[in-house]
1. Would you mind giving the mean number of other chain beta-carbons within 10 Å of the Cβ of each residue in B:115-125, as a whole number?
2. Specify the angular offset, from 0 to 90 degrees and rounded to the nearest 10, of the alpha carbon long axis of helix B:11-23 from the longest principal axis of the alpha carbons in chain B.
3. From the Cα gyration tensor of the protein assembly as shown, with a ≥ b ≥ c the square roots of its eigenvalues, which class applies: rounded if a/c is under 1.5, or else prolate if a/b is larger than b/c, or else oblate?
4. Using the Cα atoms of the range B:86-164 to build a convex hull, what is its mean projected area in square nanometres?
5. Out of B:PRO104, B:PRO93, B:PRO238, any idea which swings most in a Gaussian network model of chain B, alpha carbons joined below 10 Å?
6. Could you tell me which of B:THR319, B:PHE280, B:ASN292 has its Cα farthest along the dipole of the range B:238-328 towards the positive end, charges placed at Cβ (Lys, Arg +1; Asp, Glu -1), taken about the Cα centre?
7. Hey, how much of the P(r) for the range B:168-210 falls beyond 14 Å, as a percent of Cα pairs?
8. Checking buried surface per residue: for the range B:326-342, which residues lose a minimum of 50 Å² accessible area in the protein assembly relative to the chain alone (1.4 Å probe)?
Amino acid sequence: MQKMPVINIEDLTEKDKLKMEVDQLKKEVTLERMLVSKCCEEVRDYVEERSGEDPLVKGIPEDKNPFKELKGGCVIS
Amino acid sequence: MFQTTSSETSFQEISTAQLLFNVCRNLHQVAERVEALGQFVMKTRRTLKGHGNKVLCMDWCKDKRRIVSSSQDGKVIVWDSFTTNKEHAVTMPCTWVMACAYAPSGCAIACGGLDNKCSVYPLTFDKNENMAAKKKSVAMHTNYLSACSFTNSDMQILTASGDGTCALWDVESGQLLQSFHGHGADVLCLDLAPSETGNTFVSGGCDKKAMVWDMRSGQCVQAFETHESDINSVRYYPSGDAFASGSDDATCRLYDLRADREVAIYSKESIIFGASSVDFSLSGRLLFAGYNDYTINVWDVLKGSRVSILFGHENRVSTLRVSPDGTAFCSGSWDHTLRVWA
């Protein structure tokens, strides 16, 4: 069984951690970003298309609910 | 950003520019005209009792009825949530089993914690077989295991640890396939992207950062640092284009991966305790979050409002997952119980 190549953050100095952070930021600078307004509209559309079929949003009729109450007897009305 | 090029620029121009800048900064503004949800009544449908101490983690089986849970006392239990029967139980050699996961096949579970390892146990219905005897140690970290998850198959496991790293392991050989370095402190949680969107996962840690990783290269592709405290839980949005996080700063936030920023925050002045665990409903309309004040808050993801607050647990809610078909969700707590809500 293989052990992790040793990097335990407790052993790293502040300087090491900051260097790691800067290296990471350098990579991220080149990322292409979409407009927030467009992304949010897509999230909203995605949800609206599907929320009608979402069991926890629309509720489940008691008789179809797999988690309906475990009852011993039955109700006679 | 607008620029004032001369002192003649009118007040009106500046205000319009500011308005445009403010218009689409978050999801709630875009969703203003979406119909509000009605009042919810969600109840506890099952209470799973049997753990002798704090429940720390749980996971659903793909069959939508079995649940695995792990506890501070070292016990890992597999339940049938329909009947509340315990189907399997194993005692780990360590306390604080902080992570557990169900294999996609339903034939095995993985767990670990203060032992710094992630172990896999095949599930067998043979009464003569001792589950503990078949245990396979897969992952080995230099500090506690905080989270684990099988990938798309039973063959690989992704782990997160207090040693600041995440790692991908081959279950059969125990070989380390890839390691992920970048967090500046303990990693507390992880979640795999929905399989359609490819080979990435997100992790959250005590360095207040959420990081998205490419599983093949081991590189961090995006990082987000807007939380003000430890991130306890991360969960991908159903489409895979966003993820939610829950933090000790008492807020939950939504980050859009394509916009590369936070697009929504779920908070209230009255909520001052940390959020320990978050998950989405099937469509992504609802965000369920368990808190250290013993409650579960249900948020309207689009509008940012809280639609319901669920009481029932008698101590911190430590873990929460929606079932695979979205018909219910399960919460685990330091009150030793798990509850299934629908």
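The values are calculated or read from the model by the stated rules, or taken from the named source; none is laboratory data. In this text the structure is predicted, and so the values were computed from the model without any measurement. Please note: Cβ atoms are built from the backbone with ideal geometry, for glycine as well, and neighbour counts cover all protein chains shown. For the accessible areas, the whole protein counts, side chains as well, though only heavy atoms, and no ligand, DNA or RNA atoms are used. Shrake-Rupley method; radii C 1.70, N 1.55, O 1.52, S 1.80 Å.
1. Details: counts 0, 1, 1, 0, 0, 0, 0, 0, 0, 0, 0.
Whole-number average of other-chain Cβ neighbours for B:115-125 is 0.
2. Relative to chain B, helix B:11-23 is tipped by roughly 20 degrees.
3. Details: a/c = 2.10, a/b = 1.23, b/c = 1.71.
The shape class here is oblate.
4. Numbers: hull surface 20.3 nm².
With the hull built on Cα positions only, its mean projection is 5.1 nm².
5. B:PRO93
6. About the Cα centre, the residue reaching furthest to the positive side is B:PHE280.
7. Numbers: 531 of 903 pairs.
Beyond 14 Å sits 59 percent of the P(r) for the range B:168-210.
8. So the qualifying set is B:THR327.
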